[in-house]
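Asks: Supplied in C-alpha cells, the structure appears directly below.
FYI, it's all coordinate maths here, none of it is from the lab. What you see is a predicted model, and the numbers here were worked out from it, not measured in a lab. Cβ atoms come from the backbone with ideal geometry, glycine included; neighbour counts cover every protein chain shown.
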Amino acid sequence: MRRLIYLLPLLLFAGVGVAFWYGFDRDPKIIPSALLDKPVPGFELPPLPGHKEGLSTAQLKGGVTVVNVFASWCIPCKAEHPIITRLSRQEGLTVRAINHKDKAEDAIAWLNRNGDPYASVGADLDGRVSIDWGVYGVPETFLVDREGRIRFKHVGPLTPQVVEEQLLPLARELSRG
Amino acid sequence: MRAHLLAALLAVSPLAIAPTAALAVMPDEVLKDPALESRAREISKELRCLVCQNQSIDDSNAPLARDLRVLVRERLQAGDSDAGVLSYVTDRYGDYVLLRPPFKAATLLLWVGPFALLALGAAGTVFYLRGRRGAGSGGDTTPLTEDETRRLDALLGKAGPGDTALGKEALGKDGV
C-alpha cells in the first residue's frame, strides 16, 4: 500500500501528458459556437444589386440549408469556393450566403469570376448580422436544419475532410429525419 | 542642465503614455455623454477581441473589435445595463468573449483547480513530514534479530558473546 505512493508522480505525469496530447491538437483560434442548436437569429438582408433574393430568417425554415459567410476580399473564401460549389451542384444541398462587409460591385464581380453556387446572397454591408450569427472570421459555414436551428458550424475554409466526415453525414441525417 | 532635462522628461512622460493606451478607440466612436462613454470603456475592457484573442476590444485595432465597440455603445444608448450589454455579446459569441470567465459548472475546474492543487500539495507535505517523524523515533520498525545484532557488533568492532567467524576476523585485524 505504501509503495503505491511512489506511483503518484508517474500518474501525475501521465495525466499532464494526456492533457497536453489533446491540448496541443486543438486550435485555440476555434471557439465553440454559442449558437449551436439554437434558432438562427432574426434578420433580413437585402440582395446584391441585380439579384432577386436576399437572405432572411424565413428562408432558413422548411429545408436543410448550408449558410456560407464569404467576402470577395477573403482569400480562404476563394480556396473553399470549389467545395461550396460542389455542395450545391453535386450534393444537391441548398447553399445560401451572407456576403460579409463587402462592396456590392466587388462581390458581384467575384461571383461572376468564380461562379455563383448560391441560392441567394444577403448583403451584410456593416457586418451587423454577422455579429448576430457569432461570426468572427470569414469564411464560416453553418448547417441549419428544417426548423431553422443551427446544427453545425465550421470556422475557416471548408476542407474535403470536414465535408465528408462532418457536414455531409449530418446534412443527410437532417434531411432524412 | 541634465537634471532639468530629466525633470522635464518625467513631467511629460505620463502625457506621452496616456494617449497611446486609448489608441484603438477612434474619435468617431466616442460617445458625447462622458458617463456613457466611460461605461462603454469599462465594458470594452471586459470583452475579448476574437481575432487577436489576448487583447480586449478596447485595446484591439481589429475591424471586428471596432464593430463590437460600436455595438457596445449602441446598446448603452438604447438603455441597456452593463450586464445587459455583456449578455448581448455572450449570447452571440459565448462565454469565451469574457476576459473574466464566469463562475459556473463548466468553469469549476478553472476556478477551483489551483486551490485544490494547493490543498493536495499541503496534504501531501503534512503526510510526508508525519511519516518521517514516525520513522525517526523508530515507531513501527522491526527490531534486529539476534543474529543481525551479532553481525552488526562484529562489524563495528565490538566483542560480544559467541563471536562469529566474521567477528573474529574483524577483531584480529584491528581489535587488539
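Asks: In nm, to one decimal, how far is the residue A:44 label point from the residue A:132 one, both placed 7 Å along Cα→Cβ?
Replies: Roughly 1.0 nm, to one decimal.
Asks: Continuing with the same structure: Give me the dipole magnitude in Debye, nearest 20, for the protein assembly as shown about the Cα centre, with unit charges on the beta carbon: positive for Lys and Arg, negative for Asp and Glu.
Replies: Rounded to the nearest 20 debye, it is 460 debye.
Asks: Let me ask another. May I ask you to derive the FRET efficiency for residue A:176 and residue A:36 from their Cβ-Cβ distance with R0 = 22 Å, giving the value to the nearest 0.05?
Replies: 0.60
Asks: Roughly how crowded by other chains is peptide B:92-101, in terms of the mean Cβ count from those chains within 10 Å of each of its Cβ atoms?
Replies: Averaged over the peptide's residues, the number is 4.
Asks: Compute the Cα gyration tensor for chain A, then decide on rounded, prolate or oblate, letting a ≥ b ≥ c be the square roots of its eigenvalues: rounded whenever a/c is under 1.5, prolate when a/b is larger than b/c in the other cases, and oblate in all that remain.
Replies: In terms of gyration-tensor shape, prolate.
Asks: Please name whichever of B:97, A:90, B:157 sits farthest to the positive end of the charge dipole of the protein assembly as shown, dipole taken about the Cα centre and charges placed at Cβ: Lys and Arg +1, Asp and Glu -1.
Replies: Highest projection toward the positive end goes to B:157.
Asks: Further question: Antiparallel DSSP bridges in the stretch A:35-176: what percent, to the nearest 5?
Replies: On the way: 14 of 25 bridges.
Rounded to the nearest five, the antiparallel share is 55 percent.
Asks: What does a probe at residue A:73 reach in the stretch A:94-134, counting residues whose amide N is under 18 Å from the point 7 Å along Cα→Cβ?
Replies: A:98-111, A:123-131
Asks: Mind telling me which of A:15, A:50, A:63 comes out most flexible in a GNM of chain A, alpha-carbon contacts under 10 Å?
Replies: Ranking A:15, A:50, A:63 by mean-square fluctuation puts A:15 first.
Asks: Quote the charge dipole size of the stretch A:1-111 about the Cα centre in Debye, to the nearest 20; the model charges only the Cβ of Lys and Arg (+1) and of Asp and Glu (-1).
Replies: Numbers: 13 positive and 10 negative charges, 94 e Å.
For the stretch A:1-111, the charge dipole is close to 440 debye.
Asks: Of A:174, A:109, A:131, which is farthest towards the positive pole of chain A's charge dipole, taken about the Cα centre with +1 and -1 on the beta-carbons of Lys, Arg and Asp, Glu respectively?
Replies: The residue sitting farthest along the positive end of the dipole is A:174.
Asks: For the pairs A:29/A:153; A:29/A:61; A:38/B:104; A:78/A:101; A:78/A:103, flag any whose C-alpha to C-alpha distance is greater than 19 Å.
Replies: In this structure, A:29/A:61; A:38/B:104 exceed 19 Å between Cα atoms.
Asks: Residues of B:104-116, mean number of Cβ from any other protein chain within 10 Å of their own Cβ, rounded to a whole number?
Replies: 0
Asks: For the stretch A:30-137, run through the trypsin sites (Lys or Arg not before Pro) and keep only the ones in DSSP coil with at most 16 other Cβ atoms within 10 Å of their Cβ.
Replies: Here the trypsin sites (Lys or Arg not before Pro) that fit, given the DSSP loop and packing criteria, are A:52, A:61, A:103.
Asks: Between A:47, A:28, A:160, which gets the highest mean-square fluctuation from a Gaussian network model of chain A, Cα cutoff 10 Å?
Replies: A:28
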